[in-house]
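The values are calculated or read from the model by the stated rules, or taken from the named source; none is laboratory data. Computed from a predicted structure; not experimentally measured. FYI the Cβ positions are ideal-geometry reconstructions off the backbone, even for glycines, and counts take in every protein chain you see. SASA here: full protein model, heavy atoms, side chains in, ligands and nucleic acids out. Shrake-Rupley method; radii C 1.70, N 1.55, O 1.52, S 1.80 Å.
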Amino acid sequence: MELKPISKEGIPTALQKAERYRLLNDSSAAESICLDILQVEPENQQALIMLLLSITDQFVDDTGEEVRRARDVLPRLKDDYKRSYYSGIIAERKAKALLHRGGLGVEDVAHDWFRDAMRWYEKAEAARPAGNDEAILRWNTCARMLGKHAPKRPTREELQPVLGE
């Protein structure tokens, strides 16, 4: 079935609707709206960020494909800060989704995702605009989550000196 295009004039309202659907936990509807916007304006930064966030909202049901789909959006973001910040968001949300789903050894895997998120947030912090503390706030959240969900095995960082990497 061929999709119907939206008008350029309808983009601001469509962005509001996408945000509203995200807030209502209907991330697949938000994702669909973002894709419609991007058909008309492929470089629309708001729509790209909303698309990425809509995809990460679906990590709880992740089949492995969602992380790749979210990461595919990153090169389309125009500034280094946003690419780093949203790389951190992807990793942090993957960690939280793993913890939410639960299972044997999940804290260990989530730990690695949180540490990856923190590395991205540190990179974003170095490139942040003056007065923008988003990356610091996210880094602190990850640090607190790591404190609550300590891994039961040595971490990658702890093993590297032993493995000689």
| said: Given a 1.4 angstrom probe, what's the average accessible area per residue across the chain, in square angstrom? | reply: 59 Å²
| Residues with beta-carbon under 14 Å from that of Arg138, excluding Arg138: net charge, scoring Lys, Arg +1 and Asp, Glu -1? | +3
| request: For the range 25-110, run through the trypsin sites (Lys or Arg not before Pro) and keep only the ones in DSSP coil with at most 15 other Cβ atoms within 10 Å of their Cβ. | output: Lys78
| remark: For the range 1-90, the dipole about the Cα centre with charges only on Cβ (Lys and Arg +1, Asp and Glu -1), to the nearest 20 debye, works out at 220 debye
| For the chain, what % of the accessible area comes from carbon and sulfur atoms, probe 1.4 Å? | 53 percent
| query | Which order, highest average first, do 123-129, 7-13, 34-40 follow once you tally other Cβ atoms within 10 Å for each residue and take the mean per peptide? | reply | 34-40, 123-129, 7-13
| request: Once you have the Cα-Cα distance between Leu104 and Leu3, take 0.36 nm times their residue separation minus that, and quote the gain in nm to one decimal. | output: 32.1 nm
| said: Given a 10 angstrom Cα cut-off, can you work out which residue in Ala130, Ala29, Ala110 is the most mobile in a GNM of the chain? | reply: Ala130
| query | Got the relative contact order for the chain handy, in percent, Cα pairs under 8 Å and 6 or more residues apart? | reply | 15 percent
| request: Between Arg71 and Ile136, take the C-beta separation as r, use R0 = 30 Å, and let me know the FRET efficiency to the nearest 0.05. | output: 0.85
